[in-house]
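Novice: A single structure is presented below for examination.
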Amino acid sequence: MIFFSILMFATLGFLHPESRGAFITLILVSFIFFSMVSGYISSRFFKMFGSDNFILNALLTTILYPSFAFSIFFIINLFLWHENSSAAVPFKTIVTVLLLWLCCSSFLVIIGAFIGVKRSKIKHPCKINVVPLCPPTLPWYYKSKYLCFISGLFPFMYVHANN
């Protein structure tokens, strides 16, 4: 959803190539605004699967993906600082992004999760069969050792057929 909103802004001409920071700023702002949507959707799915603790779900939605992305960004930025690169992000900007994440984004995720919990449970589109079905037995040529051998022969068979 963030991708499509950024693509829409770019095609409408709001992002100009001369303003270098506008693209990254738009990504951060749209991530913060769509965090309410992510809290809403995660709480609806959490409720659909029959769980009750929506606060834990909201906290995990707030923490898991952004902390993983931020830690990768910070590690790469450490290497850039070590090399004295001009592409390194200043420490003040990193603290600002952290404060935006902790104050704005997490608050919006919790609001979205609260709104999503108040909605009715999502119904499954079809009836779930309670009796598990046994998978059929595979023929001998579908076993993994034969498949690896045959797929390894294909490139050599193609080379010999063209010579």
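Novice: In the range 112-157, which residue that is in contact with a Lys or Arg (Cβ under 7 Å, 6 or more places away or on another chain) and not in a loop (DSSP other than H, G, I, E, B) is nearest to PHE33 (Cα to Cα)?
Specialist: Among residues in the range 112-157 that are in contact with a Lys or Arg (Cβ under 7 Å, 6 or more places away or on another chain) and not in a loop (DSSP other than H, G, I, E, B), the one nearest to PHE33 (Cα to Cα) is GLY116.
Novice: Name the pairs whose Cβ atoms lie under 7 Å apart, with the first residue in the range 23-48 and within 19 Å of PHE9 (Cα to Cα) and of a type in the set (Val, Ile, Thr), the second assigned to a helix (DSSP H, G or I) and modelled with pLDDT under 90, and 6 or more positions between them or separate chains?
Specialist: ILE27/ILE6; ILE32/LEU100; ILE32/CYS104; ILE32/SER105
Novice: Filter the range 28-72 down to the residues that are of a type in the set (Phe, Trp, Tyr) and surrounded by 14 or more Cβ atoms within 10 Å (Cβ to Cβ) and list them by number.
Specialist: PHE31, PHE33, PHE34, TYR40, PHE46, PHE54, PHE70
Novice: If you don't mind, there's one more thing I want to ask. With ALA113, ALA87 as the choices, which residue is on the phi < 0 side of the Ramachandran plot and either surrounded by 10 or more Cβ atoms within 10 Å (Cβ to Cβ) or out of contact with any helix residue (DSSP H, G or I) (no Cβ under 6 Å at 6 or more places or on another chain) (or both)?
Specialist: Answer to the selection: ALA113.
Novice: Within the range 90-105, count every residue that is closer than 20 Å to LEU59 by Cβ, surrounded by 14 or more Cβ atoms within 10 Å (Cβ to Cβ) and of a type in the set (A, V, I, L, M).
Specialist: Here the count works out to 2.
Novice: What about PHE9, is it assigned to a helix (DSSP H, G or I), surrounded by 15 or more Cβ atoms within 10 Å (Cβ to Cβ) and aromatic (Phe, Trp, Tyr)?
Specialist: So PHE9 passes the test.
Novice: Quick check on LEU108: is it touching a residue at least 60 places away in the same chain (Cβ under 8 Å), surrounded by 11 or more Cβ atoms within 10 Å (Cβ to Cβ) and aliphatic (A, V, I, L, M)? So that I can check it myself, show each step before the final result.
Specialist: Values: touching a residue at least 60 places away in the same chain (Cβ under 8 Å): yes; surrounded by 11 or more Cβ atoms within 10 Å (Cβ to Cβ): yes; aliphatic (A, V, I, L, M): yes.
Yes, satisfied.
The values are calculated or read from the model by the stated rules, or taken from the named source; none is laboratory data. Just so it is clear, the structure is predicted and the values come from calculations on it, not from any experiment. Neighbour counts are summed over all protein chains in view; Cβ atoms, including those assigned to glycine, are modelled from backbone coordinates with ideal geometry.
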